[in-house]
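The values are calculated or read from the model by the stated rules, or taken from the named source; none is laboratory data. Only a predicted model underlies this, so the values are computations on that prediction, with no experimental measurement involved. Positions of Cβ are generated from backbone atoms using ideal geometry, with glycine treated the same way; all protein chains shown enter the neighbour counts.
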Amino acid sequence: MVLRLRIRREDPQKGTCYYQSFEVPYEEGMTFLSAFQKIKEQYDETLTFRQFCRAGICGTCTVYINGFPKLACKEQVLPYVISNTEVIIEPLKGFRVIRDLAVDNEKVIRKIKEIRAWIKEYAGDPRIPPEVSKKLESSADCILCFACQSYCPQVMEEEYAGPLIFAKLYRFLEDPREENSQVRLVQAIQEGNLYHCLSCNKCNHVCPKEVEPATLIREIMTYGG
Ligand code: FES
């Protein structure tokens, strides 16, 4: 059995952009990331992609597979091999391509820094009640893979902060140790343009960790009145 891939290759420095086909012999348990690695080792060492943990934890390997953002290290190739069609592989949409499947995520990282995505004010008792902790769980599960941010149609609009940012902000509205929850809320509504969310749920569908950013956004909206 063979995995047939059609990978978008781009080198902005040379000004080249094209799709290149590869056929990779299937191996049991093969993921898209291991297929990319095989291509790099055996067919074309110039293929560029990101990877780190290879275990669905670090969020660095996200690419578009047939039009949907997926973690390449988690997505098994077998169903695609069985369907025997060419699989289209592209970099995250809405991000500047550095080369091939590696994109520049600096803009989103900057936004995360702007919202100060960490507990700044410590208000005494460090313990979080179990019921609150449960509520914070999904927001804390975000691995910064950028799938939601890339797939959100509203992120094209520059002023809208995007689902990833609001999923991060959510925990600071709920975390009892955060003294500035109200400031955070105003920040989300005014600076992040919270209400520009279309509530299309696309981010919920593509999140590999089931964080459900759109659901969290709707909950933040209820705080805003
Ligand atoms: Fe870390 Fe895929 S390499 S999530």
Quiz item: Considering the range 113-143 alone, what residues qualify as being under 23 Å from Lys70 (Cα atoms) and surrounded by fewer than 17 Cβ atoms within 10 Å (Cβ to Cβ)?
Solution: Glu137, Ala140, Asp141
Quiz prompt | Count of residues meeting criterion [surrounded by 14 or more Cβ atoms within 10 Å (Cβ to Cβ), over 25 Å from Cys73 (Cβ atoms) and in contact (Cβ under 8 Å) with a residue 40 or more places away in the chain] in the range 192-213 | solution = 2
Quiz prompt | Filtered residues of the range 37-70 (kept if aromatic (Phe, Trp, Tyr) and near the ligand (Cβ under 8 Å from one of its atoms)) | solution = Phe52
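With assigned to a loop (DSSP other than H, G, I, E, B), under 17 Å from the mean Cα position of the chain (by Cα) and not charged (D, E, K, R) as the only criterion, which of Ile119, Ile143, Ile109 stands out?
When all the criteria are applied, what remains is Ile143.
If we scan the range 110-122, do we find a residue that is among the hydrophobic types (A, V, I, L, M, F, W, C) and over 21 Å from Lys209 (Cα atoms)?
yes
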Quiz item: Since Lys93 meets every condition but one in (1) touching a Lys or Arg at 6+ places or on another chain (Cβ under 9 Å); (2) at pLDDT 95 or above, which condition does it not meet?
Solution: (1)
Quiz item: So which of Arg110, Arg177 ends up being surrounded by 12 or more Cβ atoms within 10 Å (Cβ to Cβ) and at pLDDT 80 or above?
Solution: Arg177
Quiz item: Going by the structure shown, is Glu106 of a type outside the set (A, V, I, L, M) and within 15 Å of Pro176 (Cα to Cα)?
Solution: no
Practice problem: Please enumerate the residues belonging to the range 88-107 that are buried (at least 20 other Cβ atoms within 10 Å of the Cβ), away from the ligand (no atom under 13 Å from the Cβ) and either under 25 Å from Val2 (Cβ atoms) or among the hydroxyl-bearing types (Ser, Thr, Tyr) (or both). | Solution: Ile89, Pro91, Asp100
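So is Gly29 on the phi > 0 side of the Ramachandran plot and either outside any loop (DSSP other than H, G, I, E, B) or surrounded by fewer than 18 Cβ atoms within 10 Å (Cβ to Cβ) (or both) or not? Break it down stepwise before answering.
Numbers: on the phi > 0 side of the Ramachandran plot: yes; either outside any loop (DSSP other than H, G, I, E, B) or surrounded by fewer than 18 Cβ atoms within 10 Å (Cβ to Cβ) (or both): yes.
Taking the combined requirement at face value, the residue satisfies it.
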Quiz item: Which residues, taken from the range 148-178, are of a type in the set (Ser, Thr, Tyr) and closer than 22 Å to Lys134 by Cα?
Solution: Tyr170
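Could you tell me whether any residue of the range 146-162 is aromatic (Phe, Trp, Tyr), out of contact with any strand residue (DSSP E or B) (no Cβ under 9 Å at 6 or more places or on another chain), in a helix (DSSP H, G or I) and farther than 15 Å from Ile115 by Cβ? Lay out the reasoning, then the answer.
Here is the first cut: in the range 146-162, the ones aromatic (Phe, Trp, Tyr) are 146, 151, 160.
After this cut, where a residue has to be out of contact with any strand residue (DSSP E or B) (no Cβ under 9 Å at 6 or more places or on another chain) as well, the list is 160.
Of the ones still in play, those that are also in a helix (DSSP H, G or I) are none.
No, there is no match, as no residue in the range 146-162 is aromatic (Phe, Trp, Tyr), out of contact with any strand residue (DSSP E or B) (no Cβ under 9 Å at 6 or more places or on another chain), in a helix (DSSP H, G or I) and farther than 15 Å from Ile115 by Cβ.
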Quiz item: out of contact with any Asp or Glu (no Cβ under 9 Å at 6 or more places or on another chain) and within 22 Å of Arg116 (Cβ to Cβ): does that describe Tyr170?
Solution: no
